[in-house]
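First up is the structure itself, then whatever we jot down about it.
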Amino acid sequence: MGPRKKSVKRCLGNNEVPEETVSEETKDYMNQLSHEVLCHIFRYLPLQDIMCMECLSRKLKEAVTLYLRVVRVVDLCAGRWWEYMPSGFTDSSFLTLLKKMPDVEQLYGLHPRYLERRRVRGHEAFSIPGVLEALQACPNLVGVETSHLELVESIWTYMPHVHILGKFRNRNGAFPIPPENKLKIPIGAKIQTLHLVGVNVPEIPCIPMLRHLYMKWVRLTKPQPFKDFLCISLRTFVMRNCAGPTNSLKYVPLVTGLASARNLEHLEMVRVPFLGGLIQHVVEDSWRSGGFRNLHTIVLGACKNALEVDLGYLIITAARRLHEVRIQPSLTKDGVFSALKMAELEFPQFETLHLGYVDEFLLQSKTYPIFFIL
């Protein structure tokens, strides 16, 4: 039975025009499209909108089911990595969703606002064990993007073959550091970018895949947190206002590990009490093999034991690629620049020199003490 039709009489002057039939309903173009075309359209829509289409018509439900069967990359946050995933998920609903996607390989946007640490019998909630069960139901899963500290640690423990995609940034970082913010990083963790703010971390182990390491307000709880530090793929290293051992000798593995990262481009150390003269000796031992040669940016701030010779050796080694240098007041003496002038170096790419650099946190938060462990 077709759509209802309405008779319309039009008058033109005193003459009546014959009746015209006008369709009252608009034509449904969506249901006339093939499943293949609909699946192609779904590629450009957020997952939440796609799931809402299931209840519109039988054909759209079939198209959504077909699309989920073959999709390989899913983003729960529609590309907005700074937002949280849609609320309302439970363990059972999340498992049901992922079971509809047997071929999914990369899952982005797994940023839950809150996760229960464990399941409670008789209570339907969204928990870490439930998320792990759902992820393990995807046989082809290669990588997951998340920002949840406990969840990423559980993935490393129970699904070590899964990569952590994108940039891992914990979202509840603060200073003073909340006691519940803690992360244990395993040796060989499959992650490329690690941004930690306000977290308790026992140690930084050997992570061959790691390219970018950013630590701010991180408390290193082990007496020798850099004992096994080795990140040969590292390109960015930032360590700002972290609490760690006061013994300068315990930072020797850190500096030697940084020298082994031949592609290191950004070196930033603020309030890191490494041994004075250590960088000089490490540069002398590693410059032939390319240690620190690719540095673009050097930042040293509030490093109480740093010497002018440390800065000088870094600048000389990285002269050809150096773009920016920011140095603390104690390293701005004339001797450094006189030595560089005598070396007759060329800086073809140099752009910025900041003398007397002081970190903003040290300027604005002088009332907050930073505690170091022995």
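So, in the stretch 82-94, of the ones that are outside any loop (DSSP other than H, G, I, E, B) and open to solvent by 40 Å² or more (accessible area, probe 1.4 Å), which residue ends up farthest from residue 70 (Cα to Cα)?
So, considering only residues that are outside any loop (DSSP other than H, G, I, E, B) and open to solvent by 40 Å² or more (accessible area, probe 1.4 Å), the one farthest from residue 70 (Cα to Cα) is 92.
Taken over the stretch 223-238, residues that are under 9 Å from residue 210 (Cβ atoms) and either under 16 Å from the mean Cα position of the chain (by Cα) or in contact (Cβ under 8 Å) with a residue 60 or more places away in the chain (or both) amount to 1.
Among the residues of the stretch 116-126, the ones that are surrounded by 13 or more Cβ atoms within 10 Å (Cβ to Cβ) and under 19 Å from residue 170 (Cβ atoms) come to 2 in all.
Scan the stretch 100-115 residue by residue and report those that are surrounded by 16 or more Cβ atoms within 10 Å (Cβ to Cβ) and of a type outside the set (Gly, Ala, Ser).
Of all residues in the stretch 100-115, those surrounded by 16 or more Cβ atoms within 10 Å (Cβ to Cβ) come to 101, 104, 106-112, 115.
Residues satisfying the conditions are 101, 104, 106, 107, 108, 110, 111, 112, 115.
The residue list 182, 190 contains one member that is more than 22 Å from residue 106 (Cβ to Cβ) and under 17 Å from the mean Cα position of the chain (by Cα), which is 182. The set of residues in the stretch 47-92 that are within 18 Å of the chain's Cα centre (by Cα) and of a type in the set (A, V, I, L, M, F, W, C) comprises 73, 74, 76, 77, 78, 81, 82, 85.
Here residue 178 passes the criteria (1) open to solvent by less than 30 Å² (accessible area, probe 1.4 Å); (2) outside any loop (DSSP other than H, G, I, E, B); (3) not hydroxyl-bearing (Ser, Thr, Tyr) except the one numbered (2). For the stretch 48-67, filtering for residues that are within 16 Å of residue 36 (Cα to Cα) and exposed (fewer than 13 other Cβ atoms within 10 Å of the Cβ) leaves 2.
Against the definition (surrounded by 19 or more Cβ atoms within 10 Å (Cβ to Cβ), in contact with a strand residue (DSSP E or B) (Cβ under 6 Å, 6 or more places away or on another chain), in contact (Cβ under 8 Å) with a residue 24 or more places away in the chain and not in a loop (DSSP other than H, G, I, E, B)), how does residue 283 come out, yes or no? Against the criterion (surrounded by 19 or more Cβ atoms within 10 Å (Cβ to Cβ), in contact with a strand residue (DSSP E or B) (Cβ under 6 Å, 6 or more places away or on another chain), in contact (Cβ under 8 Å) with a residue 24 or more places away in the chain and not in a loop (DSSP other than H, G, I, E, B)), residue 283 does not qualify.
Only one of the listed residues (97, 132) is surrounded by fewer than 21 Cβ atoms within 10 Å (Cβ to Cβ), modelled with pLDDT of 95 or more and in contact with a helix residue (DSSP H, G or I) (Cβ under 8 Å, 6 or more places away or on another chain). That residue is 132.
The values are calculated or read from the model by the stated rules, or taken from the named source; none is laboratory data. In this text, all values refer to a predicted model and were calculated from it rather than measured experimentally. Cβ coordinates were reconstructed from backbone atoms using ideal geometry, including for glycine residues, and neighbour counts include every protein chain displayed. We work out accessible area using only protein heavy atoms, side chains counted, and drop any ligands, DNA or RNA first. Shrake-Rupley method; radii C 1.70, N 1.55, O 1.52, S 1.80 Å.
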